[in-house]
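S.K.: Before I ask anything, here is the structure I am working with.
The values are calculated or read from the model by the stated rules, or taken from the named source; none is laboratory data. Model, not experiment: these values are computed from the prediction. So basically every Cβ, Gly included, is an ideal-geometry build from the backbone, and we count neighbours across all protein chains shown.
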Amino acid sequence: MSRIDREDVERVARLARLRLSDEEAAEMTADLDRILGYVDLLEEVSTEGVEPTAHVIPLATPLRDDVPAEELPPEVAVANAPASEGTAFAVPKVLDDEAEG
Amino acid sequence: MPSPLGEVARLREALTSGETTSSRLVDAALAAAEAVGEDLSVFTHLRHEAAREAAAAADARLSAGRARSVLDGLPIALKDNIVQAGEPAGCASRILEGYVSPFDATAVARLLEAGAIPIGRTNMDEFAMGSSTENSVHGPTRNPWDRDRSPGGSSGGSAAAVAADIVPLALGSDTGGSIRQPASLCGVVGMKPTYGRVSRWGLVAFASSLDQIGPFAHTAADCAVLLDAMSGHDAHDSTSLPEPPLQTAAGLNGDLSGRVIGLPREYYEAEGADASSLECVHAAVAALEGAGAKTVPVSLPHTRYAIAAYYLIANAEASSNLARFDGVRYGHRAAGASGLTDLYERSRSEGFGAEVKRRILLGTYVLSAGYYDAYYRRAQKLRTLLRRDFEAAFESCDVLVTPTTPEPAFRLGERADDPLTMYLSDVYTVSANLAGLPGVSIPCGLAGGGLAAGLPVGLQVLGPPLADAAVLEVADAYQRLTDHHQARPGGSR
């Protein structure tokens with residue numbers, strides 16, 4: 001039985017903002033199915049009552065004084081942008097796009 | 001007294017005595033990077049002019065008797081996912097083509113402060129996703145020991161740069177073995193520090209709860225010098241440990257008496273492991289025992305689940321971290337997009353390679369509604385069980401000694417079409433990342449027989465969290481007893 005089908009992969013690709021060619025979608029479906037098949041190994045282990053580990057060190061939310069820190073100047077921050085206007089990142093029109101989904 | 005081993009001590013002496021200069025060292029490194037490095041595809045970028053200027057400045061300090069540290073004037077190579085201001089940081093990905101970092105990674109800033117001179121950026125698997133340095137937009141790096149074989153990965157360029165004696169020192173990053181595995185396959189020393197020891201600020205994120213920057217060199221003593229210089233809390237990384245910089249180099253004394261070494265049976269019984277590699281590891285254990293260490297058998301019963309847990313957790317985190325590459329703020333942008341979603345999808349689809357897409361898809365899938373508990377949460381619980389395994393084992397020993405990999409360097413292309421087999425080659429390294437442990441791989445001989453004859457074999461030393469000094473002490477002690485770290489491709493020097 002396959003664990004993941006082409007439709008699942010295409011749904012996940014949309015979530016991840018990836019567009020797959022037919023060939024890629026077929027390959028990814030086969031690869032992910034094999035990998036998920038391997039991962040089923042974990043079902044052997046009883047994890048009843050085991051706390052999950054998200055992070056190995058105890059993390060507290062660090063606080064700092066509410067004063068401005070030295071950050072990248074806006075013109076430096078946009079220097080790597082493929083398109084910018086002044087100190088803003090330029091993108092194609094957004095509204096039509098949102099209507100789509 | 002610090003360890004007498006290593007290039008840092010030797011080069012320091014040569015610089016102090018006037019036998020050489022930083023300019024000569026940097027010129028030689030750049031020349032080697034162009035000659036050997038190009039043949040093996042070790043570097044993705046060299047900074048000729050900036051490195052030469054830095055060397056001239058270092059020489060001025062040295063002749064005035066004002067060396068900043070033992071690293072002042074020494075050339076170093078940086079993996080292409082650790083940023084330096086004004087330099088490209090491409091992560092071997094098309095999506096970061098042309099990106100120039102506006103800031104220094106904290107680890108890099110601290111090394112620059114110490115006077116080290118980055119000569120260039122090393123090849124890697126795209127976004128550190130891989131174990132062979134084949135998933136690179138620049139093409140694969142070749143192993144200096146056999147150019148038809150992989151140097152391992154993902155930090156294969158940094159490992160090869162040290163193995164081929166282009167630079168004495170290099171930095172890599174280790175998420176599931178990406179420093180230790182290539183160190184093993186290239187016959188050099190590579191260390192993954194305790195999680196949080198070295199700030200991740202300026203390390204392009206792959207899996208944030210697993211990633212650590214660490215050093216490559218020919219000796220544990222040199223790795224200790226680099227680790228000491230890079231470690232210590234950094235306000236820019238809230239997961240960096242609230243600890244002062246380490247001082248491990250000064251504590252290396254070669255003493256193994258009273259040291260208890262655990263031998264986890266699961267790491268010695270893997271199916272398909274190379275027998276002659278295992279012989280090297282057993283000989284290394286005997287050498288450690290001969291020098292006064294005591295060995296005890298231990299068990300890490302959940303080892304067989306580590307790879308599965310690792311790939312679920314690492315890729316879940318990756319799918320989230322790599323969302324930032326969207327063609328808007330930096331990197332590749334697809335031409336002629338009709339709207340914002342179209343721009344995201346086309347830029348990402350053009351910019352990422354196949355393995356990165358595979359992992360983003362897997363990570364997104366296991367975090368998606370309906371699968372989160374079955375995959376991601378279960379993997380996190382396994383992570384707890386793996387941590388408990390180590391806690392129990394370290395009740396009866398100070399460090400663990402294991403093979404670093406099941407076999408020596410594999411052939412380029414051999415596993416490229418088989419992601420799962422590639423993943424399984426990390427079986428001995430991923431657990432240290434899941435548990436946050438420090439680990440180092442050191443050369444322990446050359447494989448004896450069969451197709452892998454003459455290829456380097458790595459010995460892994462793992463310690464409990466925070467025991468970075470202990471793993472380096474054991475590794476250094478072993479290197480004082482043996483001369484495997486002096487073996488070079490094409491014969492000993």
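S.K.: Condition first: of a type outside the set (Lys, Arg) and facing another protein chain (nearest Cβ under 7 Å). Now tell me which residues in segment B:343-354 satisfy that.
M.R.: We begin by selecting, within segment B:343-354, every residue of a type outside the set (Lys, Arg); these are B:343-345, B:347, B:349-354.
Answer for segment B:343-354, where residues must be of a type outside the set (Lys, Arg) and facing another protein chain (nearest Cβ under 7 Å): B:Leu343, B:Tyr344, B:Glu345, B:Ser349.
S.K.: Is it the case that some residue within segment B:255-272 is in a helix (DSSP H, G or I) and in contact (Cβ under 8 Å) with a residue 40 or more places away in the chain?
M.R.: At the first step, the residues of segment B:255-272 found to be in a helix (DSSP H, G or I) are B:265-267.
In the following step, the residues that additionally are in contact (Cβ under 8 Å) with a residue 40 or more places away in the chain were identified as B:267.
Within segment B:255-272, one or more residues are in a helix (DSSP H, G or I) and in contact (Cβ under 8 Å) with a residue 40 or more places away in the chain.
S.K.: Quick one: in segment B:291-313, of everything that is in a helix (DSSP H, G or I) and among the aliphatic types (A, V, I, L, M), which residue is nearest to the other protein chains (Cβ to nearest Cβ)? Walk me through how you get there before you give the answer.
M.R.: Here is the first cut: in segment B:291-313, the ones in a helix (DSSP H, G or I) are B:303-313.
Next cut, among the aliphatic types (A, V, I, L, M) only: B:306-309, B:312-313.
Numbers: B:Ala306: 10, B:Ile307: 8, B:Ala308: 5, B:Ala309: 7, B:Leu312: 6, B:Ile313: 9 Å.
The selected residue is B:Ala308.
S.K.: Within segment A:20-59, work out how many residues are crowded, with 17+ Cβ neighbours inside 10 Å and of a type in the set (Lys, Arg).
M.R.: Residues meeting the conditions: 0.
S.K.: Right, something else. Within segment B:352-395, can you find the residues that are within 29 Å of B:Ser93 (Cα to Cα) and among the small types (Gly, Ala, Ser)?
M.R.: Within segment B:352-395, B:Gly353, B:Ala354, B:Gly363, B:Ser368, B:Ala379 meet the criteria.
S.K.: For B:Phe352, work out the one condition from (1) within 30 Å of B:Val440 (Cα to Cα); (2) within 23 Å of the chain's Cα centre (by Cα) it doesn't fulfil.
M.R.: (1)
S.K.: For a quick check of your reading of the model, give me the residue pairs whose first member lies in segment A:41-54 and is facing another protein chain (nearest Cβ under 7 Å), whose second is small (Gly, Ala, Ser), with beta-carbon atoms closer than 7 Å and at least 6 apart or on different chains.
M.R.: That search, which allows pairs on different chains as well, returns A:Leu41/B:Ala308; A:Leu42/B:Ala308; A:Leu42/B:Ala309; A:Leu42/B:Ala379; A:Ala54/B:Ser209.
S.K.: Considering each of B:Ala183, B:Ala221 in turn, give the residue that is among the small types (Gly, Ala, Ser) and within 9 Å of the chain's Cα centre (by Cα).
M.R.: Values: B:Ala221 fails: within 9 Å of the chain's Cα centre (by Cα).
Every option except B:Ala183 fails the conditions.
S.K.: Out of segment B:355-370, which residues are out of contact with any Pro (no Cβ under 9 Å at 6 or more places or on another chain) and either within 7 Å of chain A (Cβ to nearest Cβ) or surrounded by fewer than 19 Cβ atoms within 10 Å (Cβ to Cβ) (or both)?
M.R.: B:Lys357, B:Ile360, B:Leu361, B:Leu362, B:Thr364, B:Tyr365, B:Ser368, B:Ala369, B:Gly370
S.K.: Turning to a different aspect of this structure: Is it true that some residue in segment B:401-419 is assigned to a helix (DSSP H, G or I) and within 12 Å of chain A (Cβ to nearest Cβ)? Walk me through how you get there before you give the answer.
M.R.: Restricting attention to segment B:401-419, the residues satisfying the condition of being assigned to a helix (DSSP H, G or I) are B:419.
From the residues that got through so far, the ones that are within 12 Å of chain A (Cβ to nearest Cβ) too are B:419.
Yes, that holds for at least one residue.
S.K.: Restricting attention to helices (runs of 4 or more DSSP H) lying wholly within segment A:1-85, give those where 2 or more residues are in contact with a helix residue (DSSP H, G or I) (Cβ under 9 Å, 6 or more places away or on another chain).
M.R.: Working: elements: A:6-15, A:22-39, A:74-77.
It comes to A:6-15, A:22-39.
S.K.: While we're on this one: Looking at B:Glu134, B:Glu97, B:Glu126, which one is more than 14 Å from the chain's Cα centre (by Cα), more than 24 Å from B:Ala54 (Cβ to Cβ) and within 14 Å of chain A (Cβ to nearest Cβ)? First the steps, then the outcome.
M.R.: Numbers: B:Glu134 fails: within 14 Å of chain A (Cβ to nearest Cβ); B:Glu126 fails: within 14 Å of chain A (Cβ to nearest Cβ).
Every option except B:Glu97 fails the conditions.
S.K.: If we keep just the residues of segment B:239-256 that are away from chain A (no Cβ under 14 Å) and among the small types (Gly, Ala, Ser), which is surrounded by the fewest Cβ atoms within 10 Å (Cβ to Cβ)? Spell out the reasoning first.
M.R.: Going through segment B:239-256, the residues away from chain A (no Cβ under 14 Å) turn out to be B:244-256.
Filter once more, so that each one left must be among the small types (Gly, Ala, Ser): B:249-251, B:254.
Values: B:Ala249: 25, B:Ala250: 14, B:Gly251: 16, B:Gly254: 16.
Here the answer is B:Ala250.
S.K.: Okay, moving on. Of all residues in segment B:414-441, count the ones that are at pLDDT below 95 and out of contact with any Pro (no Cβ under 8 Å at 6 or more places or on another chain).
M.R.: Start the filter on segment B:414-441 by keeping residues that are at pLDDT below 95, which leaves B:414-427.
Filter once more, keeping what is out of contact with any Pro (no Cβ under 8 Å at 6 or more places or on another chain): B:414-424, B:426.
Total satisfying the criteria: 12.
S.K.: Return the residues of segment B:208-238 that are polar (S, T, N, Q) and surrounded by fewer than 18 Cβ atoms within 10 Å (Cβ to Cβ); say none if nothing qualifies.
M.R.: Let us first name the residues in segment B:208-238 that are polar (S, T, N, Q), namely B:208-209, B:212, B:219, B:231, B:238.
Of everything in segment B:208-238, those that are polar (S, T, N, Q) and surrounded by fewer than 18 Cβ atoms within 10 Å (Cβ to Cβ) turn out to be B:Ser208, B:Ser238.
S.K.: Oh, and also: Which of the numbered conditions does A:Ala16 fail, given that it passes all the others? Conditions: (1) surrounded by fewer than 16 Cβ atoms within 10 Å (Cβ to Cβ); (2) under 18 Å from B:Tyr372 (Cα atoms); (3) at the interface with chain B (Cβ under 7 Å from one of its Cβ atoms).
M.R.: With (1) surrounded by fewer than 16 Cβ atoms within 10 Å (Cβ to Cβ); (2) under 18 Å from B:Tyr372 (Cα atoms); (3) at the interface with chain B (Cβ under 7 Å from one of its Cβ atoms) applied to A:Ala16, the lone miss is (1).
S.K.: Quick test for you: out of B:Ala14, B:Ala28, pick the one residue that is under 30 Å from B:Asp148 (Cα atoms), among the small types (Gly, Ala, Ser) and not in a loop (DSSP other than H, G, I, E, B).
M.R.: Numbers: B:Ala14 fails: under 30 Å from B:Asp148 (Cα atoms).
When all the criteria are applied, what remains is B:Ala28.
S.K.: Which ones in segment B:294-310 are buried (at least 20 other Cβ atoms within 10 Å of the Cβ) and in contact with a Gly (Cβ under 8 Å, 6 or more places away or on another chain)?
M.R.: B:Val298, B:Tyr310 - these are the residues of segment B:294-310 that are buried (at least 20 other Cβ atoms within 10 Å of the Cβ) and in contact with a Gly (Cβ under 8 Å, 6 or more places away or on another chain).
S.K.: For B:Ala316, only one of the following conditions fails: (1) in contact with a helix residue (DSSP H, G or I) (Cβ under 8 Å, 6 or more places away or on another chain); (2) at the interface with chain A (Cβ under 10 Å from one of its Cβ atoms); (3) not basic (Lys, Arg). What is its number?
M.R.: If we test B:Ala316 against (1) in contact with a helix residue (DSSP H, G or I) (Cβ under 8 Å, 6 or more places away or on another chain); (2) at the interface with chain A (Cβ under 10 Å from one of its Cβ atoms); (3) not basic (Lys, Arg), just (2) comes out false.
S.K.: While we're on this one: So which of B:Ala85, B:Ala77, B:Ala58 ends up being surrounded by 24 or more Cβ atoms within 10 Å (Cβ to Cβ) and either closer than 27 Å to B:Ser347 by Cβ or in contact (Cβ under 8 Å) with a residue 60 or more places away in the chain (or both)?
M.R.: Numbers: B:Ala85 fails: surrounded by 24 or more Cβ atoms within 10 Å (Cβ to Cβ); B:Ala58 fails: either closer than 27 Å to B:Ser347 by Cβ or in contact (Cβ under 8 Å) with a residue 60 or more places away in the chain (or both).
None of the others qualify; the one that does is B:Ala77.
S.K.: Kindly provide the set of residues from segment B:461-482 that are outside any helix (DSSP H, G or I) and within 22 Å of B:Ser257 (Cβ to Cβ), ordered by number.
M.R.: Just the residues of segment B:461-482 that are outside any helix (DSSP H, G or I), to begin with: B:461-467, B:482.
Listed by number, the residues that qualify are B:Val461, B:Leu462, B:Gly463, B:Pro464, B:Ala467, B:Thr482.
S.K.: Oh, and also: Name the residues in segment B:172-200 that are touching a His at 6+ places or on another chain (Cβ under 9 Å), away from every other protein chain (no Cβ under 13 Å) and in a loop (DSSP other than H, G, I, E, B), would you?
M.R.: Passing the criteria: B:Gly187, B:Val188, B:Ser199.
S.K.: Could I ask something else about it? Counting only residues that are touching a Lys or Arg at 6+ places or on another chain (Cβ under 9 Å) and of a type in the set (Gly, Ala, Ser), how many does segment B:210-220 have?
M.R.: Going through segment B:210-220 one residue at a time, the tally reaches 1.
S.K.: Take segment A:70-101 and flag every residue that is within 9 Å of another protein chain (Cβ to nearest Cβ), exposed (fewer than 12 other Cβ atoms within 10 Å of the Cβ) and within 30 Å of B:Ser209 (Cβ to Cβ).
M.R.: The one that is within 9 Å of another protein chain (Cβ to nearest Cβ), exposed (fewer than 12 other Cβ atoms within 10 Å of the Cβ) and within 30 Å of B:Ser209 (Cβ to Cβ): A:Leu72.
S.K.: Also, quick follow-up: Those residues that are surrounded by 24 or more Cβ atoms within 10 Å (Cβ to Cβ) and within 7 Å of another protein chain (Cβ to nearest Cβ), I need them from segment B:321-332; list them, please.
M.R.: Scanning segment B:321-332 gives B:Gly327, B:Tyr330.
S.K.: I need every pair where a residue in segment B:97-111 that is farther than 15 Å from B:Leu226 by Cα has its Cβ under 9 Å from the Cβ of a residue that is among the charged types (D, E, K, R) and assigned to a loop (DSSP other than H, G, I, E, B), sequence separation at least 6 or different chains.
M.R.: Matching pairs, first to second residue: B:Val100/B:Glu87; B:Ser101/B:Glu87.
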